[in-house]
Amino acid sequence: MKPAKQEMYKEWLEEAREVHPINRDCARKMVAEMLEFKRKTRLSLPSYVKRFICKKCNSPLTPGRNLRIRTKNRHLVYLCKDCRHISRIPYTKQKKTGK
Ligand SMILES: [Zn+2]
């Protein structure tokens, strides 16, 4: 599993993000294809890609566009504005950094 291969997922996501404002269905299809590819190749998604895909509707998420991120109780709360799906991601790496 080389990091270089995983870079491809990032580009895939970027492309889907660009398509999203123009054609949501098409963008979702691109994400679905990416997940299908992942299943076939078993090349795991890097976390920074996984995080920006809505598990429910497969939309590529872009902060400020169709994604709202909030923090709550040491969790990141991701709200997909397309389907209102909420996912919570605990962040354990960063401990109190002021604020
Ligand atoms: Zn969604």
Checked segment 3-53 for anything hydrophobic (A, V, I, L, M, F, W, C) and within 19 Å of L79 (Cα to Cα); matches are L13, A16, A27, V31, V49, F52, I53
Taking segment 41-73 and keeping residues farther than 17 Å from E7 by Cα and exposed (fewer than 15 other Cβ atoms within 10 Å of the Cβ) leaves K55, K56, P63, G64, R65, R68, I69, R70, T71, K72, N73
In segment 74-92, which residues are over 27 Å from K5 (Cα atoms), free of Cβ contacts under 8 Å to residues at least 24 places away in the same chain and not β-branched (V, I, T)? R74, H75, L76, L79, K81, R84, R88
Considering only residues that are assigned to a helix (DSSP H, G or I) and either farther than 24 Å from I86 by Cβ or charged (D, E, K, R) (or both), which ones fall in segment 20-37? R24, D25, C26, R28, K29, E33, E36, F37
I need the full set of residues from segment 74-85 which are near the ligand (Cβ under 10 Å from one of its atoms) and over 12 Å from the mean Cα position of the chain (by Cα), in order please. K81, D82, C83, R84, H85
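More than 11 Å from the chain's Cα centre (by Cα) and modelled with pLDDT under 95: is that true of E7 in this structure?
yes
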Taking P21 as the residue in question, decide whether it is within 19 Å of I89 (Cβ to Cβ) and in contact (Cβ under 8 Å) with a residue 40 or more places away in the chain. no
Could we say that L76 is crowded, with 16+ Cβ neighbours inside 10 Å, hydrophobic (A, V, I, L, M, F, W, C) and not in a helix (DSSP H, G or I) here? no
Which one of these is among the basic types (K, R) and modelled with pLDDT of 95 or more: R39, R74, R88? R39
Residue by residue through segment 38-73, note down the ones that are more than 16 Å from the ligand (Cβ to nearest atom), closer than 14 Å to S87 by Cα and part of a loop (DSSP other than H, G, I, E, B). N73
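The values are calculated or read from the model by the stated rules, or taken from the named source; none is laboratory data. Since the structure is predicted, the reported quantities are computational estimates derived from the model, not experimental observations. Glycine also receives a Cβ, built like all others from the backbone with ideal geometry; neighbour counts cover every protein chain displayed.
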